[in-house]
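Here is the structure we will look at, set down as structure tokens.
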Amino acid sequence: MERRGFIHDMLDVKVLVLYVMARVLYPVNLQKLYELVYQDDCLSYFDLAEAVPQMVESGHLERIESDRYVITEKGREACMVTEDAVAYPVMQRARDAVENYNRDVRRGSFVKAQVTPRAQGDYAIELSLNDEVSDLLKMELMAPTQKQAYRLSRAFSKNAEAIYHTIMDLLLTDDDESGT
């Protein structure tokens, strides 16, 4: 039976892992790495679970923080030599997945939402949006239930920039511009 797809053996898996890990800006766990490299139906989680420990042992990847991985200098050098062996459609999908992941992690470092129970039985939601220098927006809301608090937290995390722009527009719009 003919095998379909672009990933056919362990070497293909390892080359794809190097390609992805060379572009990821943050340490990743095995599950996230699988999500990033799963760009071909011939690749399974078990292939990755076999390849990654071998790559750690060979010095191409380094295990940090108990279950997260980063690429080593040896891995980067090997990637530069082998990355053209990754099939173009797989390469494109993997690159897009990595770019989305990097963007989401970076954004997550700027948007914070924390839920804290209060003595009165309600919940405080501390929300902040910052840039690389300082906080742009910092506010605390109250919610009567934990469910509502987490809902507010998720909504802020998803829409932080739009909320910030709406608040700025409301504060900077002068109602007296018309002269009345």
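The values are calculated or read from the model by the stated rules, or taken from the named source; none is laboratory data. Quick caveat: nothing in here was measured; it's all calculated off a predicted structure. Using ideal geometry, Cβ is built from the backbone for each residue, glycine included, and neighbour counts are taken over all protein chains shown.
Only residues that are over 18 Å from Leu43 (Cβ atoms) and surrounded by 14 or more Cβ atoms within 10 Å (Cβ to Cβ) were counted across the range 94-110, and they come to 3.
Every condition in (1) within 18 Å of Asp104 (Cβ to Cβ); (2) in contact (Cβ under 8 Å) with a residue 40 or more places away in the chain; (3) among the hydroxyl-bearing types (Ser, Thr, Tyr) holds for Tyr34 except the one numbered (2). A search for C-beta distances below 6 Å between a residue of the range 62-77 that is under 13 Å from Val17 (Cα atoms) and any residue that is in a helix (DSSP H, G or I), counting only pairs 6+ apart in sequence or on different chains, returns Ile71/Met21; Gly75/Leu18.
Quick check on the range 161-168. Is at least one of its residues under 22 Å from Leu25 (Cβ atoms), in the same structural domain as Tyr34 (by TED's automatic domain parsing), acidic (Asp, Glu) and surrounded by 11 or more Cβ atoms within 10 Å (Cβ to Cβ)? No, every residue in the range 161-168 fails to be under 22 Å from Leu25 (Cβ atoms), in the same structural domain as Tyr34 (by TED's automatic domain parsing), acidic (Asp, Glu) and surrounded by 11 or more Cβ atoms within 10 Å (Cβ to Cβ).
Candidates are the residues of the range 3-54 that are among the hydroxyl-bearing types (Ser, Thr, Tyr) and in contact with a Leu (Cβ under 9 Å, 6 or more places away or on another chain); the one that is modelled with the highest pLDDT is Tyr34.
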